[in-house]
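One structure is given here, and the rest of the page talks about it.
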Amino acid sequence: MTDSAPRPAATYLDAASGEPLHPAAREVVLAALERGYADPRRLHGPARDARLLLDNARAVVAECLGVRADEVSFTASGTDAVHRGLLGLLRARARSGDRVVLPRVEHSSVLHALKWAGASAETLEVDRLGRADPAALAAAASAPGTALVALQSANHEVGTRQPVAGLVAALRAGGSDVPVFVDARASAGREDLPPGWAVAAASAHLWGGPAGVGVLLVRHGTGWVSPFPADDRVDERTSGFENVPAALAAAAALRAVVAERVEVDARQRRLVDRIRAAAAAVPDTEVVGDPEDRLAHLVTFSCLYLDGEALVTALDRRGFGVASGSACTASTLEPSHVLAAMGALTHGNVRVSLTAATTEDEVERFVAALPEVVADLRAEVGL
Amino acid sequence: MTRGPDPDEAPGQGPGQVPGEDPTAVALELDCRGMVCPAPVIELARHVGDVAPGEVVAVVATDAAARVDVPAWCRMRGHHYVGADDLGDGAVRLRVRRA
């Protein structure tokens with residue numbers, strides 16, 4: 001690394017892209033790397049050790065998420081869990097049809113998986129807060145040929161919680177047995193899973209576990225057929241040599257996060273309220289997403305006339321690491337489909353997401369810097 | 001706050017508008033082809049004052065974000081978003097009535 005190499009932002013406010021490793025996971029991963037190297041399918045001592053660690057990780061994750069251990073599969077990533085969950089459910093439902101009902105604000109990995117599968121997606125509008133209409137989703141799901149409904153637990157870009165329980169209630173009230181796929185990545189560990197999912201996906205690095213561990217949940221009794229080649233591993237729903245140390249570290253982080261979450265949620269909620277109020281006070285700035293019924297740690301706002309990339313870069317220069325949904329910051333050069341679906345301003349967008357360790361002092365420094373950064377950049381464009 | 005986005009609202013439905021009005025009746029058209037976000041909205045902000053209140057200014061843009069950002073700008077600045085015309089060459093003309 002040279003002197004001119006970019007320095008990392010001192011205040012990391014992008015937990016929704018990746019939460020730093022929880023200290024509890026750090027301890028476990030070091031111990032597990034020593035003990036969890038062997039193939040858990042073999043019959044010798046080191047293999048039994050690895051198998052024990054993997055089973056232990058599965059049991060802990062199941063307990064923390066309130067599910068059965070045999071409903072938990074460790075996948076190569078959260079995206080992999082989404083792919084396997086959606087595609088496996090689609091295969092199991094092939095006789096019912098290939099129609100999938102979803103709101104416009106699902107994560108791009110859900111949209112890509114459906115496109116790849118050739119499913120016919122019935123995409124419904126959301127309201128200004130980014131919230132799907134459960135009655136409309138259930139009504140759309142009543143059309144013949146519907147394989148499943150996909151509805152995230154909460155939106156990953158704006159934090160708005162989605163009405164999964166309401167959707168399931170509306171489906172069952174109408175006599176529909178169409179299963180619901182829940183992308184629970186944005187909320188898993190932070191909040192209880194919403195009830196009624198048939199298949200769900202989560203991602204360890206979003207709750208403070210290591211990257212490279214996803215969690216696929218398939219409810220007992222739900223039909224699921226592997227969309228990928230079989231691999232004769234410990235768990236028929238996955239493929240590849242199990243990453244036992246990482247799974248164990250993910251489980252340790254989840255246990256710690258669940259134990260601490262009442263306190264962390266209350267603190268993050270208060271700090272995000274502070275950021276929401278400060279951002280709303282910046283001229284020509286719109287704070288988006290539900291102000292109350294939302295994830296605790298995340299807030300998104302957009303500033304008129306500003307380039308999202310310039311805003312992220314200027315904040316980074318001040319030591320704040322944030323994300324943006326503006327087109328100029330996306331590899332696709334398309335504006336965030338979530339912001340577009342909400343009718344929210346897509347340029348000048350910033351997503352701030354707090355880690356479990358974010359302090360009040362860091363938030364105060366951020367809200368002090370924000371109006372200055374916005375005013376400086378607006379002065380450059382003469383507005 | 002619960003009203004959905006309305007990017008393609010038909011002409012003749014907005015407040016202060018004459019039903020059946022010719023959608024091409026714009027007082028000022030801003031050619032923002034090739035500009036990327038947020039340049040078309042900046043152009044709009046700079047020139048909306050060039051038309052009289054109640055008159056229509058149009059932004060012609062090729063950037064995908066403009067279709068969302070021009071209506072959002074209208075909402076935030078209190079102007080009336082009239083509607084969009086696809087020009088068929090990848091460009092869209094977004095019409096705004098000055099408040």
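The values are calculated or read from the model by the stated rules, or taken from the named source; none is laboratory data. Remember, it's a predicted structure, so these values are computed and weren't measured experimentally. Don't worry about glycine lacking a Cβ; one is built from the backbone with ideal geometry, like all the others, and counts go over all protein chains shown. All accessible areas refer to the heavy atoms of the entire protein, side chains included, with ligands and DNA or RNA removed. Shrake-Rupley method; radii C 1.70, N 1.55, O 1.52, S 1.80 Å.
For the structure I just gave you, tell me whether A:L54 is assigned by TED's automatic domain parsing to the domain that holds A:A141, open to solvent by less than 60 Å² (accessible area, probe 1.4 Å) and either part of a helix (DSSP H, G or I) or not aromatic (F, W, Y) (or both). Outline the logic, then answer.
On the way: assigned by TED's automatic domain parsing to the domain that holds A:A141: yes; open to solvent by less than 60 Å² (accessible area, probe 1.4 Å): yes; either part of a helix (DSSP H, G or I) or not aromatic (F, W, Y) (or both): yes.
Yes; evaluated as a whole, the condition is true for this residue.
Any residue that is in contact with a Phe, Trp or Tyr (Cβ under 6 Å, 6 or more places away or on another chain), crowded, with 23+ Cβ neighbours inside 10 Å and either among the aliphatic types (A, V, I, L, M) or not in a loop (DSSP other than H, G, I, E, B) (or both) - is there at least one of those in region A:265-284?
Yes; the residues of region A:265-284 include at least one that is in contact with a Phe, Trp or Tyr (Cβ under 6 Å, 6 or more places away or on another chain), crowded, with 23+ Cβ neighbours inside 10 Å and either among the aliphatic types (A, V, I, L, M) or not in a loop (DSSP other than H, G, I, E, B) (or both).
Out of the residues in region A:215-235 meeting the condition of being under 21 Å from A:A47 (Cβ atoms) and among the hydrophobic types (A, V, I, L, M, F, W, C), tell me which one is most open to solvent (accessible area, probe 1.4 Å).
Result: A:A230.
State yes or no: is A:A121 open to solvent by 30 Å² or more (accessible area, probe 1.4 Å), under 24 Å from the mean Cα position of the chain (by Cα) and either closer than 25 Å to A:V244 by Cα or not basic (K, R) (or both)?
Working: open to solvent by 30 Å² or more (accessible area, probe 1.4 Å): yes; under 24 Å from the mean Cα position of the chain (by Cα): yes; either closer than 25 Å to A:V244 by Cα or not basic (K, R) (or both): yes.
The answer is yes for A:A121.
Could you check region A:89-136 and list, in sequence order, the residues that are within 14 Å of chain B (Cβ to nearest Cβ), β-branched (V, I, T) and more than 15 Å from A:E157 (Cα to Cα)?
A:T123, the sole residue that qualifies.
Which of (1) modelled with pLDDT under 95; (2) under 11 Å from the mean Cα position of the chain (by Cα) is the odd one out, the single condition B:V82 does not satisfy?
With respect to (1) modelled with pLDDT under 95; (2) under 11 Å from the mean Cα position of the chain (by Cα), B:V82 is out only on (1).
Considering region A:193-223 alone, what residues qualify as being over 22 Å from the mean Cα position of the chain (by Cα) and either in contact (Cβ under 8 Å) with a residue 12 or more places away in the chain or assigned to a strand (DSSP E or B) (or both)?
A:H220, A:T222, A:G223
Among the numbered criteria (1) buried (at least 23 other Cβ atoms within 10 Å of the Cβ); (2) touching a Ser or Thr at 6+ places or on another chain (Cβ under 8 Å), which single criterion is violated by A:T238?
With (1) buried (at least 23 other Cβ atoms within 10 Å of the Cβ); (2) touching a Ser or Thr at 6+ places or on another chain (Cβ under 8 Å) applied to A:T238, the lone miss is (1).
Being open to solvent by less than 10 Å² (accessible area, probe 1.4 Å) and more than 14 Å from every other protein chain (Cβ to nearest Cβ) is the filter here; which residues of region A:339-352 pass it?
A:V352
Please go through region B:29-61 and pick out each residue that is away from chain A (no Cβ under 12 Å), part of a loop (DSSP other than H, G, I, E, B) and closer than 14 Å to B:L94 by Cβ.
B:R33
Go through the residues of region A:314-327 one by one and say whether even a single one is within 15 Å of B:P38 (Cβ to Cβ) and facing another protein chain (nearest Cβ under 10 Å).
yes
Considering each residue of region A:353-383, count those that are part of a loop (DSSP other than H, G, I, E, B) and away from every other protein chain (no Cβ under 14 Å), and give that number.
The number of residues fulfilling the criteria is 6.
Return the residue satisfying two criteria in turn: it lies in region B:62-77 and is open to solvent by 50 Å² or more (accessible area, probe 1.4 Å), in contact (Cβ under 8 Å) with a residue 12 or more places away in the chain and over 10 Å from the mean Cα position of the chain (by Cα), and of such residues it is farthest from the other protein chains (Cβ to nearest Cβ).
The qualifying residue farthest from the other protein chains (Cβ to nearest Cβ) is B:T62.
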